[in-house]
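Reading through the structure tokens given below for one structure.
The values are calculated or read from the model by the stated rules, or taken from the named source; none is laboratory data. If you're wondering where the values come from, they're calculated on a predicted model, not measured in any experiment. Reconstructed Cβ throughout: ideal geometry from the backbone, glycine too, with neighbour counts over all protein chains shown. For the accessible areas, the whole protein counts, side chains as well, though only heavy atoms, and no ligand, DNA or RNA atoms are used. Shrake-Rupley method; radii C 1.70, N 1.55, O 1.52, S 1.80 Å.
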Amino acid sequence: TATVTYTNNTNAGTATADATYAGDANHTGSTATQVTFTIAQASSSTVINCPASVTYTGSAQTPCTAAVTGAGGLNTTTTVTYGNNTNAGTATADATYAGDANHTGSTATQVTFTIAKANQTLTYSGDYTRSATQAVRMTGQQTGVTDRTPTTCTGAITYALDRNPLTGAAGSYSISATTTSANTTNWLVGNYIVTMSAASDANCNAASINSVLTIAPNTSRARGGGFY
């Protein structure tokens with residue numbers, strides 16, 4: 001045998017093979033006719049990795065990655081495209097690698113992940129001074145204000161007291177949540193537990209928070225921990 005020498009024999013394309021025999025005591029040397037052969041592109045593999053679940057935020061969710069591997073040390077990433085990835089429910093993730101000089105393209109198996117409803121976080125901001133003969137009103141219920149997170153939750157916000165402010169009877173007593181009209185005056189002096197509730201919607205779970213509203217005698221201040 002004689003040694004074969006090669007050119008262009010690593011990357012995909014056409015490689016060449018040459019060989020020369022120097023001869024021996026009984027034979028003259030010879031050179032082979034050059035031979036070519038094809039190095040075909042190797043395959044690639046694209047795999048998507050996603051968490052099983054993320055929580056609704058009001059923004060598009062993009063938690064996945066797509067890894068591409070192949071012969072010769074191919075190790076890269078490609079772009080993930082999403083479907084239904086903003087609202088609560090099932091989102092989809094897809095990815096395709098176009099290929100390169102040495103590797104064919106590949107398409108990942110679609111992956112799904114869950115966007116879970118958000119737990120609303122409710123906050124009261126500020127206090128409101130009221131005495132027993134002044135009207136009490138609740139504020140902050142308008143859509144888009146920062147009294148809850150995520151702010152894109154749309155469930156109605158309502159307020160209720162733990163007793164009737166005029167009779168003192170225990171029970172859930174709804175109170176107006178408008179900024180344009182005041183509630184009735186002449187409340188009974190004392191402490192009231194005010195419950196602010198946000199209803200659930202397609203993307204957010206229901207939530208509630210309590211605060212204490214103090215109605216003081218006319219000569220004093222009434223200060224609440226919320227929208228009072």
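A few points about this structure:
- Which numbered condition S106 fails, given (1) over 20 Å from the mean Cα position of the chain (by Cα); (2) surrounded by fewer than 18 Cβ atoms within 10 Å (Cβ to Cβ): (2)
- For the residues A207, A199, the requirement of being small (G, A, S), modelled with pLDDT of 85 or more and either touching a strand residue (DSSP E or B) at 6+ places or on another chain (Cβ under 6 Å) or surrounded by fewer than 14 Cβ atoms within 10 Å (Cβ to Cβ) (or both) singles out A207.
- Checking every residue in region 22-38 against the condition of being within 30 Å of R148 (Cα to Cα) and either modelled with pLDDT of 95 or more or of a type in the set (A, V, I, L, M, F, W, C) (or both) gives zero matches.
- For T96, the conditions (1) buried (at least 16 other Cβ atoms within 10 Å of the Cβ); (2) within 26 Å of D201 (Cβ to Cβ); (3) of a type in the set (S, T, N, Q) all hold with the exception of (2).
- For region 4-19, the condition of being of a type in the set (D, E) and either on the phi > 0 side of the Ramachandran plot or exposed (fewer than 12 other Cβ atoms within 10 Å of the Cβ) (or both) holds for none of the residues.
- Residue match in region 98-113 (condition: aromatic (F, W, Y), under 24 Å from R148 (Cβ atoms) and touching a residue at least 60 places away in the same chain (Cβ under 8 Å)): no
- So N84, is it open to solvent by 80 Å² or more (accessible area, probe 1.4 Å) and on the phi > 0 side of the Ramachandran plot: yes
- Listed by first and then second residue, the pairs linking a residue in region 163-178 that is closer than 18 Å to V212 by Cβ to a residue that is modelled with pLDDT of 85 or more and small (G, A, S), with Cβ atoms under 6 Å apart and 6 or more places separating them unless they lie on different chains, are R163/A170.
- Qualifying residue in region 26-40 (condition: in contact (Cβ under 8 Å) with a residue 12 or more places away in the chain, at negative phi and either buried (at least 16 other Cβ atoms within 10 Å of the Cβ) or within 16 Å of the chain's Cα centre (by Cα) (or both)): no
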